[in-house]
Amino acid sequence: MAAFADLPTELVEQIVSYCHDQNALHSLTCTSKLLYSVTLPFLYRHVDLRVSPRGIPRVDSLFFEIRKKPELANTIQSLRLGFTPDLKEDMTPNLKRLPIPSSETRQKQLVQQSNQDPFDKLHYEPFLRDAIENRGYGPFATILVLALPTLRYLDVATCDQFDQYHSSLSLKSLTHSVLSKPAHLFGDNDFPACASIQEVSHNFDRTSGVRYARKAWHDNIQPFFRLPGVQKVELVIPNNGIFNPMRRHIMHTPREPGVLQNVTNLVLRHSSRAFHDLANILAHTPQLSSLTCEMWQDHSLLPQDDQGYLTEALALRSCLEMVRTTLKTLAVSVEYCNTSKPYYQQPNILQTIRGDWSVLDLASFKKLENLELPFPFVTGDLRFFVAGAFEPCLPPNLRHLCLRQDMSQAQFIYPLELSNRLDSTFAEMKKCEQWKNNSRMDLAYMFQTTLSLLDRANGLESISVWQPAEPSLEWFDGQLQDFATTCKNKGVTGKVLYPQILRRKGAEHWNLIREKTVFDTAYPAHCPYDQLVRGENQHGIPLGLGCQYHMAKVQVYDVPL
């Protein structure tokens with residue numbers, strides 16, 4: 001058998017590309033000269049320099065390394081800066097400035113480099129040089145971004161509280177010195193790294209999916225929209241009005257060249273009452289083709305006098321009118337919950353709606369091809385009433401439809417045995433069983449509605465249906481067979497989606513699903529077949545929407561592991 005070192009370099013590169021663990025990649029670089037040269041680009045491809053409870057990462061060391069080896073700068077494609085979700089405010093007093101370099105020469109070199117191209121083009125270069133001398137995290141992050149000519153993805157988590165009390169950790173030098181520059185000042189020669197950034201994520205952790213603490217907001221994210229090449233923006237709109245400064249900037253200042261003009265994909269993560277701010281954003285996105293809106297509200301975080309009302313479908317329809325002629329993909333999820341309560345004590349969705357609920361009318365969206373919505377947005381029925389008639393207003397050229405079980409009583413159920421708990425009462429067990437029975441009725445409604453939509457939708461190429469996170473509530477074999485038969489008769493690919501967070505009993509599986517294809521128009525003889533999908537589906541819609549409640553229950557061990 002041939003030794004690993006005897007394999008062609010191209011094959012070794014292919015093997016190493018499947019490794020995403022930074023520690024494993026670092027170990028490979030120490031194995032041999034061959035693996036060092038092959039693995040090094042993969043080791044630096046995705047860099048995470050966020051401040052965590054473990055301490056402040058050595059941003060300065062990475063900067064010196066890429067200055068010494070310029071070819072490494074061209075391998076870094078994504079960069080994560082700021083704070084991790086598990087960094088608590090009371091931990092920051094132990095996080096001081098970056099350690100002083102062992103050699104004074106390096107410090108002098110760094111200050112000297114801050115006076116050279118491209119750093120001397122900054123309006124705030126005196127502040128930047130002064131902060132570098134004081135070993136600040138934010139200034140080093142700033143010059144690092146400027147030194148990366150091929151950076152594609154920038155992930156930043158900012159926090160006003162940390163910026164105010166711990167200036168050494170502040171990222172304001174990045175947001176104000178670089179990102180706040182008017183878009184027309186960027187060019188191929190000036191700030192090449194900023195011009196290369198195509199995707200920006202703000203205050204959302206893609207790795208864990210965990211929501212940042214409520215205090216970890218930055219009061220102005222407009223600088224991130226000024227990047228000239230950004231096409232995808234992923235952000236969180238909190239429910240405490242902190243987004244108002246951006247609304248003021250966009251609505252009451254002249255539109256600057258390039259601000260939001262190139263954004264084609266917008267993702268709003270676990271945001272509550274976002275439609276008012278969404279309207280202001282969509283008014284400045286003339287090329288937007290994909291929109292994902294993850295509506296979320298945790299009732300346990302609201303003041304007692306705040307009911308946390310959800311906005312009716314008509315408000316969403318009014319916002320979408322601004323991108324009616326360009327929108328091709330739309331995904332909406334709804335998660336109104338109370339993470340401090342068990343599933344059978346969740347708020348009544350009927351009491352959270354302001355105004356009359358109605359079908360989301362998308363009949364005039366002629367370019368809309370991919371649609372993912374909860375059942376009530378399609379049927380207009382919040383009660384999941386089996387005998388109720390509905391008239392869907394789907395896009396005329398819809399090709400792919402995905403139906404979510406959000407807003408039903410089956411949404412939040414997880415394994416819970418009250419009979420084994422000494423503090424359980426008879427009333428609680430009765431309410432728990434009643435909730436399960438109502439959940440099964442909701443699932444029966446979803447099944448019948450899916451078959452009805454298949455009969456009505458013309459030109460549909462595929463239909464997918466989400467199942468509850470709780471395995472005991474998923475469709476049984478007979479329903480799957482009827483669904484497959486209907487799809488076959490209509491010539492539509494049918495899929496059933498099973499979230500894995502409870503099935504595999506781990507929060508790390510928050511965006512992993514098992515996709516079961518019951519009928520495939522392209523391969524009818526091979527059905528049914530399963531595949532695991534993580535991150536995004538084939539249409540670019542993020543997975544893991546509406547899972548914050550179950551993630552909270554898994555993390556506090558309410559779900560038996």
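Taking a threshold of 29 Å on the Cα-Cα distance, which of the pairs 436/505; 232/490; 488/553; 33/232 fall above it?
232/490; 488/553; 33/232
With a 10 Å radius around each residue's Cβ, average the other Cβ atoms per peptide and rank 361-373, 431-443, highest first.
361-373, 431-443
Just by accessible area at a 1.4 angstrom probe, what is the order of 194, 527 from largest to smallest?
Heavy-atom accessible area, descending, gives 527, 194.
Could you report the accessible area of residue 402 in Å², rounded to 10, computed with a 1.4 Å probe on the protein chains as they sit in the structure?
Residue 402 has an accessible surface of roughly 10 Å² with all protein chains in place.
Roughly speaking, to the nearest percent, how much of region 47-91's 1.4 Å accessible area is carbon and sulfur?
48
Hey, any idea what % of region 429-561's accessible area is carbon plus sulfur with a 1.4 Å probe?
Of the solvent-accessible surface of region 429-561, carbon and sulfur hold 49 percent.
The values are calculated or read from the model by the stated rules, or taken from the named source; none is laboratory data. Keep in mind the model is a prediction, meaning the values are calculated, not measured. Glycine also receives a Cβ, built like all others from the backbone with ideal geometry; neighbour counts cover every protein chain displayed. Ligands, DNA and RNA are excluded from the accessible area calculation, which covers all protein heavy atoms including side chains. Shrake-Rupley method; radii C 1.70, N 1.55, O 1.52, S 1.80 Å.
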